[in-house]
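The values are calculated or read from the model by the stated rules, or taken from the named source; none is laboratory data. Predicted, not measured: the structure shown is a model, and the values here were computed from it. A quick note on method: Cβ atoms are made from the backbone with ideal geometry, for glycine too, and the neighbour counts reach across all protein chains shown. We work out accessible area using only protein heavy atoms, side chains counted, and drop any ligands, DNA or RNA first. Shrake-Rupley method; radii C 1.70, N 1.55, O 1.52, S 1.80 Å.
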Amino acid sequence: MAVTLASTVPLPGGVSMPVLGLGTAGASGRACVAAVTEALRIGVRLIDTASLYGNEREVGLAVRESGVPRDDVFVTTKVASKDQGVRATVDACEASLRRLGLSVVDLYLIHWPSRRRRLDAWKAMERLLGLGKVRSIGVSNYMVRHLDEIREAGGATPAVNQIELSPFLRQADVVDACVSRGIAVEAYSPLTRGRRLDDPTVRRIAAACGRSPAQVLLRWSLRHGFIPIPKSERPERIRENAAVFDFDLSPDGMGALDGLDADAHFDWDPTDVP
Ligand code: NDP
(Lines give C-alpha, C1' and ligand atoms only; values in the text may rest on other atoms or scores of the structure.)
Protein backbone atom coordinates (compact mmCIF):
# COMPACT_ATOMS: atom_id res chain seq x y z
CA MET A 1 0.00 0.00 0.00
CA ALA A 2 1.27 3.48 -0.82
CA VAL A 3 2.73 5.53 2.00
CA THR A 4 0.65 8.60 2.87
CA LEU A 5 0.70 11.34 5.49
CA ALA A 6 -1.53 9.06 7.59
CA SER A 7 0.92 6.13 7.42
CA THR A 8 2.71 4.98 10.55
CA VAL A 9 5.57 2.72 11.52
CA PRO A 10 5.22 0.30 14.45
CA LEU A 11 7.21 0.88 17.62
CA PRO A 12 7.43 -1.56 20.55
CA GLY A 13 4.41 -1.77 22.85
CA GLY A 14 1.86 -1.42 20.05
CA VAL A 15 2.71 2.25 19.46
CA SER A 16 2.33 3.65 15.94
CA MET A 17 4.58 6.51 14.86
CA PRO A 18 3.62 8.74 11.92
CA VAL A 19 6.05 8.72 8.99
CA LEU A 20 6.45 12.53 8.86
CA GLY A 21 6.15 15.24 11.47
CA LEU A 22 6.52 18.91 12.27
CA GLY A 23 9.67 20.20 13.97
CA THR A 24 9.34 23.16 16.31
CA ALA A 25 12.89 24.18 17.32
CA GLY A 26 13.05 27.97 17.37
CA ALA A 27 9.27 28.41 17.16
CA SER A 28 7.76 30.33 20.05
CA GLY A 29 4.65 32.11 21.22
CA ARG A 30 1.69 32.54 18.92
CA ALA A 31 3.68 31.58 15.84
CA CYS A 32 4.39 28.19 17.41
CA VAL A 33 0.73 27.65 18.32
CA ALA A 34 -0.28 28.65 14.78
CA ALA A 35 2.29 26.34 13.15
CA VAL A 36 1.23 23.30 15.18
CA THR A 37 -2.43 24.15 14.61
CA GLU A 38 -1.94 24.36 10.84
CA ALA A 39 0.06 21.13 10.74
CA LEU A 40 -2.65 19.25 12.65
CA ARG A 41 -5.36 20.83 10.47
CA ILE A 42 -3.82 19.43 7.30
CA GLY A 43 -3.24 15.96 8.74
CA VAL A 44 0.29 16.02 10.16
CA ARG A 45 0.10 13.85 13.28
CA LEU A 46 3.62 13.93 14.70
CA ILE A 47 4.80 17.03 16.56
CA ASP A 48 8.39 17.27 17.82
CA THR A 49 9.35 19.50 20.73
CA ALA A 50 11.88 19.49 23.58
CA SER A 51 12.19 21.10 26.98
CA LEU A 52 15.18 22.94 25.49
CA TYR A 53 12.99 24.66 22.88
CA GLY A 54 10.99 26.48 25.56
CA ASN A 55 7.76 25.93 23.64
CA GLU A 56 6.13 22.90 25.27
CA ARG A 57 3.30 25.09 26.59
CA GLU A 58 2.51 26.37 23.09
CA VAL A 59 2.79 22.92 21.53
CA GLY A 60 0.54 21.42 24.21
CA LEU A 61 -2.02 24.20 23.83
CA ALA A 62 -2.23 23.71 20.07
CA VAL A 63 -2.53 19.92 20.42
CA ARG A 64 -5.23 20.17 23.10
CA GLU A 65 -7.25 22.77 21.21
CA SER A 66 -6.86 21.23 17.75
CA GLY A 67 -10.00 19.14 17.89
CA VAL A 68 -7.92 16.13 16.85
CA PRO A 69 -8.43 13.27 19.34
CA ARG A 70 -5.43 13.03 21.64
CA ASP A 71 -4.84 9.38 20.66
CA ASP A 72 -4.43 10.43 17.03
CA VAL A 73 -1.58 12.86 17.75
CA PHE A 74 1.97 11.68 18.40
CA VAL A 75 3.83 14.11 20.65
CA THR A 76 7.59 13.83 21.16
CA THR A 77 9.58 15.73 23.75
CA LYS A 78 13.11 15.36 25.08
CA VAL A 79 15.10 15.49 28.28
CA ALA A 80 17.87 18.09 28.21
CA SER A 81 21.44 17.27 29.23
CA LYS A 82 21.17 19.25 32.46
CA ASP A 83 18.30 17.00 33.57
CA GLN A 84 19.98 13.67 32.92
CA GLY A 85 20.17 11.34 35.92
CA VAL A 86 17.90 8.75 37.50
CA ARG A 87 15.73 11.08 39.57
CA ALA A 88 16.35 14.23 37.51
CA THR A 89 15.07 12.67 34.29
CA VAL A 90 11.87 11.43 35.93
CA ASP A 91 11.31 14.92 37.36
CA ALA A 92 12.08 16.55 34.00
CA CYS A 93 9.53 14.36 32.25
CA GLU A 94 6.87 15.25 34.80
CA ALA A 95 7.68 18.95 34.32
CA SER A 96 7.40 18.55 30.54
CA LEU A 97 4.01 16.83 30.93
CA ARG A 98 2.81 19.71 33.11
CA ARG A 99 3.95 22.31 30.56
CA LEU A 100 2.37 20.34 27.71
CA GLY A 101 -0.84 19.87 29.71
CA LEU A 102 -0.83 16.19 28.74
CA SER A 103 -0.94 13.05 30.88
CA VAL A 104 1.42 11.10 28.61
CA VAL A 105 3.86 11.74 25.77
CA ASP A 106 4.10 9.34 22.88
CA LEU A 107 7.87 9.45 22.63
CA TYR A 108 10.42 10.68 25.16
CA LEU A 109 13.99 11.09 23.96
CA ILE A 110 17.37 11.66 25.58
CA HIS A 111 18.26 14.83 23.67
CA TRP A 112 22.01 14.40 23.75
CA PRO A 113 24.38 11.60 24.90
CA SER A 114 25.80 13.40 27.93
CA ARG A 115 28.92 11.55 28.84
CA ARG A 116 28.52 10.88 32.53
CA ARG A 117 24.79 10.65 33.02
CA ARG A 118 23.31 9.12 29.90
CA LEU A 119 23.08 5.57 31.30
CA ASP A 120 21.35 6.84 34.44
CA ALA A 121 19.02 8.81 32.21
CA TRP A 122 18.25 5.65 30.25
CA LYS A 123 17.32 3.84 33.49
CA ALA A 124 14.94 6.71 34.21
CA MET A 125 13.46 6.42 30.71
CA GLU A 126 12.70 2.74 31.35
CA ARG A 127 11.12 3.69 34.67
CA LEU A 128 8.97 6.35 32.98
CA LEU A 129 7.77 3.74 30.49
CA GLY A 130 6.80 1.46 33.36
CA LEU A 131 4.99 4.31 35.10
CA GLY A 132 2.96 5.00 31.94
CA LYS A 133 4.17 8.60 31.67
CA VAL A 134 5.54 7.90 28.19
CA ARG A 135 4.37 5.45 25.52
CA SER A 136 7.82 4.87 24.01
CA ILE A 137 11.40 5.82 24.73
CA GLY A 138 14.32 6.66 22.52
CA VAL A 139 17.50 8.62 22.08
CA SER A 140 18.80 11.45 19.95
CA ASN A 141 22.23 12.21 18.57
CA TYR A 142 23.38 8.71 19.56
CA MET A 143 26.27 7.28 17.60
CA VAL A 144 26.92 3.54 17.34
CA ARG A 145 29.07 3.42 20.49
CA HIS A 146 26.32 5.12 22.50
CA LEU A 147 23.80 2.54 21.32
CA ASP A 148 26.30 -0.24 22.11
CA GLU A 149 26.69 1.11 25.62
CA ILE A 150 22.96 0.70 26.33
CA ARG A 151 23.07 -2.82 24.95
CA GLU A 152 26.15 -3.74 26.98
CA ALA A 153 24.48 -2.41 30.13
CA GLY A 154 21.49 -4.68 29.46
CA GLY A 155 19.15 -1.76 28.81
CA ALA A 156 16.03 -1.88 26.66
CA THR A 157 16.64 -1.13 22.98
CA PRO A 158 15.60 2.45 22.18
CA ALA A 159 12.52 2.60 19.96
CA VAL A 160 13.85 5.58 18.02
CA ASN A 161 17.13 7.38 17.35
CA GLN A 162 16.60 10.97 16.21
CA ILE A 163 19.69 12.14 14.28
CA GLU A 164 20.56 14.76 11.73
CA LEU A 165 20.08 13.30 8.24
CA SER A 166 20.02 14.71 4.74
CA PRO A 167 21.65 13.76 1.44
CA PHE A 168 24.61 15.83 2.66
CA LEU A 169 24.89 13.82 5.89
CA ARG A 170 23.94 10.19 5.48
CA GLN A 171 25.48 8.76 8.66
CA ALA A 172 25.42 5.25 7.13
CA ASP A 173 27.10 3.59 10.12
CA VAL A 174 24.51 4.83 12.62
CA VAL A 175 21.61 4.21 10.26
CA ASP A 176 22.77 0.63 9.56
CA ALA A 177 23.16 -0.04 13.30
CA CYS A 178 19.65 1.27 13.95
CA VAL A 179 18.10 -0.74 11.12
CA SER A 180 19.80 -3.96 12.22
CA ARG A 181 18.57 -3.47 15.81
CA GLY A 182 15.02 -2.49 14.87
CA ILE A 183 15.43 1.14 15.96
CA ALA A 184 13.32 3.60 13.95
CA VAL A 185 15.44 6.38 12.44
CA GLU A 186 14.05 9.91 12.73
CA ALA A 187 15.64 12.62 10.58
CA TYR A 188 16.13 16.04 12.12
CA SER A 189 17.19 19.08 10.09
CA PRO A 190 15.95 17.17 7.01
CA LEU A 191 15.96 20.45 5.05
CA THR A 192 19.56 21.21 6.06
CA ARG A 193 18.06 24.13 8.02
CA GLY A 194 17.55 25.71 4.61
CA ARG A 195 21.29 25.79 3.84
CA ARG A 196 21.38 23.46 0.82
CA LEU A 197 18.04 24.11 -0.80
CA ASP A 198 19.83 25.86 -3.66
CA ASP A 199 22.25 23.01 -4.29
CA PRO A 200 22.41 22.50 -8.08
CA THR A 201 21.74 18.74 -7.93
CA VAL A 202 18.78 19.19 -5.61
CA ARG A 203 17.42 21.98 -7.82
CA ARG A 204 17.86 19.93 -11.00
CA ILE A 205 15.95 16.98 -9.52
CA ALA A 206 13.26 19.29 -8.16
CA ALA A 207 12.81 20.87 -11.59
CA ALA A 208 12.58 17.42 -13.22
CA CYS A 209 9.87 16.36 -10.72
CA GLY A 210 8.05 19.67 -10.81
CA ARG A 211 8.53 19.92 -7.04
CA SER A 212 10.39 22.20 -4.64
CA PRO A 213 13.90 21.44 -3.35
CA ALA A 214 12.43 21.00 0.16
CA GLN A 215 9.98 18.40 -1.13
CA VAL A 216 12.79 16.53 -2.86
CA LEU A 217 14.81 16.36 0.37
CA LEU A 218 11.79 15.08 2.30
CA ARG A 219 10.99 12.47 -0.35
CA TRP A 220 14.61 11.32 -0.19
CA SER A 221 14.21 10.88 3.59
CA LEU A 222 10.99 8.90 3.22
CA ARG A 223 12.49 6.68 0.52
CA HIS A 224 15.25 5.72 2.93
CA GLY A 225 12.67 4.86 5.57
CA PHE A 226 13.60 7.82 7.79
CA ILE A 227 10.94 9.82 9.64
CA PRO A 228 11.60 13.47 8.72
CA ILE A 229 10.44 16.31 10.97
CA PRO A 230 10.81 19.50 8.89
CA LYS A 231 10.31 22.72 10.82
CA SER A 232 8.44 25.69 9.47
CA GLU A 233 6.37 28.47 10.97
CA ARG A 234 4.90 29.47 7.62
CA PRO A 235 1.54 27.88 6.75
CA GLU A 236 2.32 27.60 3.04
CA ARG A 237 5.60 25.81 3.76
CA ILE A 238 3.97 23.51 6.33
CA ARG A 239 1.56 22.47 3.57
CA GLU A 240 4.37 22.17 1.02
CA ASN A 241 6.42 19.99 3.37
CA ALA A 242 3.47 17.65 3.96
CA ALA A 243 2.70 17.30 0.23
CA VAL A 244 5.40 14.74 -0.47
CA PHE A 245 3.40 11.56 -0.92
CA ASP A 246 2.12 11.99 -4.48
CA PHE A 247 5.40 11.89 -6.38
CA ASP A 248 8.54 9.82 -6.33
CA LEU A 249 12.21 10.09 -7.15
CA SER A 250 13.69 8.05 -9.96
CA PRO A 251 16.53 5.60 -9.23
CA ASP A 252 18.85 8.08 -10.95
CA GLY A 253 17.54 10.91 -8.78
CA MET A 254 18.02 8.87 -5.60
CA GLY A 255 21.52 7.94 -6.74
CA ALA A 256 22.44 11.55 -7.43
CA LEU A 257 21.12 12.66 -4.03
CA ASP A 258 22.91 9.82 -2.25
CA GLY A 259 26.09 10.99 -3.98
CA LEU A 260 25.91 14.36 -2.22
CA ASP A 261 27.07 12.92 1.12
CA ALA A 262 29.76 15.20 2.50
CA ASP A 263 29.44 14.53 6.24
CA ALA A 264 28.00 18.04 6.47
CA HIS A 265 26.37 18.83 9.81
CA PHE A 266 24.19 21.93 9.91
CA ASP A 267 23.39 21.42 13.57
CA TRP A 268 25.08 19.71 16.52
CA ASP A 269 27.78 17.18 15.73
CA PRO A 270 27.93 14.31 18.25
CA THR A 271 30.65 12.44 16.32
CA ASP A 272 33.31 13.05 18.97
CA VAL A 273 31.19 12.56 22.09
CA PRO A 274 32.99 9.68 23.88
P1 NDP B 1 14.99 22.02 9.01
O2 NDP B 1 15.96 21.26 8.19
O3 NDP B 1 13.66 21.44 9.26
O4 NDP B 1 14.89 23.46 8.37
C5 NDP B 1 14.13 24.48 8.95
C6 NDP B 1 14.43 25.77 8.21
O7 NDP B 1 14.03 25.67 6.85
C8 NDP B 1 13.73 26.95 8.80
O9 NDP B 1 14.57 28.07 8.65
C10 NDP B 1 12.50 27.10 7.90
O11 NDP B 1 12.11 28.46 7.91
C12 NDP B 1 13.02 26.64 6.58
N13 NDP B 1 12.01 25.96 5.74
C14 NDP B 1 11.07 25.10 6.15
N15 NDP B 1 10.34 24.64 5.12
C16 NDP B 1 10.84 25.23 4.01
C17 NDP B 1 10.50 25.16 2.65
N18 NDP B 1 9.51 24.38 2.21
N19 NDP B 1 11.21 25.92 1.77
C20 NDP B 1 12.22 26.70 2.21
N21 NDP B 1 12.59 26.82 3.49
C22 NDP B 1 11.90 26.07 4.40
O23 NDP B 1 15.76 22.34 10.37
P24 NDP B 1 15.58 22.12 11.93
O25 NDP B 1 16.95 22.21 12.50
O26 NDP B 1 14.54 23.00 12.49
O27 NDP B 1 15.13 20.58 12.09
C28 NDP B 1 13.78 20.17 12.13
C29 NDP B 1 13.35 19.77 13.52
O30 NDP B 1 14.17 18.70 14.02
C31 NDP B 1 13.55 20.86 14.58
O32 NDP B 1 12.60 21.88 14.45
C33 NDP B 1 13.48 20.04 15.83
O34 NDP B 1 12.13 19.72 16.12
C35 NDP B 1 14.28 18.82 15.44
N36 NDP B 1 15.71 18.95 15.79
C37 NDP B 1 16.22 18.08 16.72
C38 NDP B 1 17.53 18.15 17.11
C39 NDP B 1 18.05 17.20 18.12
O40 NDP B 1 19.16 17.38 18.62
N41 NDP B 1 17.32 16.16 18.46
C42 NDP B 1 18.46 19.18 16.58
C43 NDP B 1 17.85 20.01 15.55
C44 NDP B 1 16.53 19.86 15.18
P45 NDP B 1 10.57 28.93 8.27
O46 NDP B 1 10.26 28.45 9.65
O47 NDP B 1 10.68 30.42 8.18
O48 NDP B 1 9.70 28.34 7.22
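If I fit a long axis through the Cα atoms of helix 86-100 and take the longest principal axis of the Cα atoms of the chain, what angle between them do I get, 0 to 90°, rounded to 10?
Result, in degrees: 60.
Using alpha-carbon positions, what is the distance between the centroids of segment 58-89 and segment 2-39, in Å?
Here the two parts' Cα centres lie 12 Å apart.
Defining a contact as two alpha carbons under 8 Å apart and six or more residues distant in sequence, what relative contact order in percent does segment 42-201 show? Intermediate results must be reported in sequence, preceding the final value.
On the way: 249 pairs, mean separation 26.4, N = 160.
Result for segment 42-201 is 16 percent.
Please work out how much length the chain gains when fully extended from Arg195 to Ala172, using 0.36 nm per residue of separation minus the C-alpha to C-alpha distance, in nm with one decimal. Mind dumping the intermediate values first?
On the way: separation 23, 0.36 × 23 = 8.28 nm, distance 2.12 nm.
Residue separation times 0.36 nm, minus the Cα-Cα distance, leaves 6.2 nm.
Top mean-square fluctuation among Glu65, Glu56, Glu152, Gaussian network model of the chain, C-alpha springs under 10 Å?
Checking each option, the largest mean-square fluctuation is seen for Glu152.
With a 1.4 Å probe and all protein chains kept in place, how much accessible area does Trp112 have, in Å² rounded to the nearest 10?
Trp112 exposes around 50 Å² with every protein chain in place.
Mind giving me the nanometre distance, one decimal, between the label points for Glu126 and Asp272, set 7 Å out from Cα along Cα→Cβ?
If labels sit at Glu126 and Asp272, their model points lie 3.2 nm apart.
Between Gly138, Gly14, Gly194, find the one with the highest GNM mean-square fluctuation for the chain; connect C-alpha pairs within less than 10 Å.
Highest fluctuation of the listed residues: Gly14.
Which of the trypsin sites (Lys or Arg not before Pro) across segment 76-109 are loop residues per DSSP, with 12 or fewer other Cβ within 10 Å? Write out the running numbers ahead of the final one.
Working: sites: Lys78, Lys82, Arg87, Arg98, Arg99; in loops: none.
The qualifying sites: there are none.
Please report Rg over Rh for the chain, where both radii come from the alpha carbon positions and Rh follows the Kirkwood definition.
Values: Rg = 17.7 Å, Rh = 18.7 Å.
Rg/Rh: 0.95.
Note down the Stokes-Einstein diffusion coefficient of segment 100-183 in µm²/s, whole number, using a Kirkwood radius over alpha carbon pairs, 37 °C, and 0.692 mPa s.
Details: Rh = 13.3 Å.
Answer from the Stokes-Einstein relation: 246 µm²/s.
Tilt of helix 172-181 relative to the longest C-alpha principal axis of the chain, in degrees (0 to 90, nearest 10)?
60
So for Asp252, Asp72, what's the accessible-area order with a 1.4 Å probe, most first?
Working: Asp252 125, Asp72 80 Å².
Per-residue accessible area, sorted high to low, gives Asp252, Asp72.
Rounded, prolate or oblate: which fits segment 184-271, taking a ≥ b ≥ c as square roots of the Cα gyration tensor eigenvalues, rounded meaning a/c under 1.5, else prolate when a/b beats b/c?
Details: a/c = 1.39, a/b = 1.09, b/c = 1.27.
Taking the square roots of the gyration eigenvalues as a ≥ b ≥ c, segment 184-271 is rounded.
With contacts defined as alpha carbon pairs under 8 Å and 6 or more residues apart, what's the relative contact order of the chain in percent? It would help to have the intermediate numbers written out before the result.
Values: 508 pairs, mean separation 51.0, N = 274.
Relative contact order comes out at 19 percent.
Could you work out how far helix 200-209 tilts from the main Cα principal axis of the chain, as a 0 to 90 degree angle to the nearest 10?
So the helix axis and the longest Cα principal axis differ by about 70 degrees.
Divide, for segment 121-274, the radius of gyration over alpha carbons by 2.2 N^0.38 Å, where N is the residue count. Provide the component values of the computation, followed by the final result.
Working: Rg = 16.8 Å, N = 154, 2.2 N^0.38 = 14.9 Å.
So the Cα radius of gyration is 1.13 times the expected 2.2 N^0.38 Å.
Quick one: how many Å² of His111 are accessible to a 1.4 Å probe, rounded to 10?
We get 10 Å² for His111.
Determine the order of Cys209, Cys32 by accessible area, beginning with the largest, at a probe radius of 1.4 Å.
On the way: Cys209 45, Cys32 0 Å².
From most accessible down to least: Cys209, Cys32.
Dividing the alpha-carbon Rg of segment 4-94 by 2.2 N^0.38 Å yields what?
Working: Rg = 13.7 Å, N = 91, 2.2 N^0.38 = 12.2 Å.
Normalised Rg, Cα atoms only: 1.12.
Most fluctuating residue of Leu100, Leu20, Leu61 in a GNM of the chain with Cα springs under 10 Å: which is it?
Highest fluctuation of the listed residues: Leu61.
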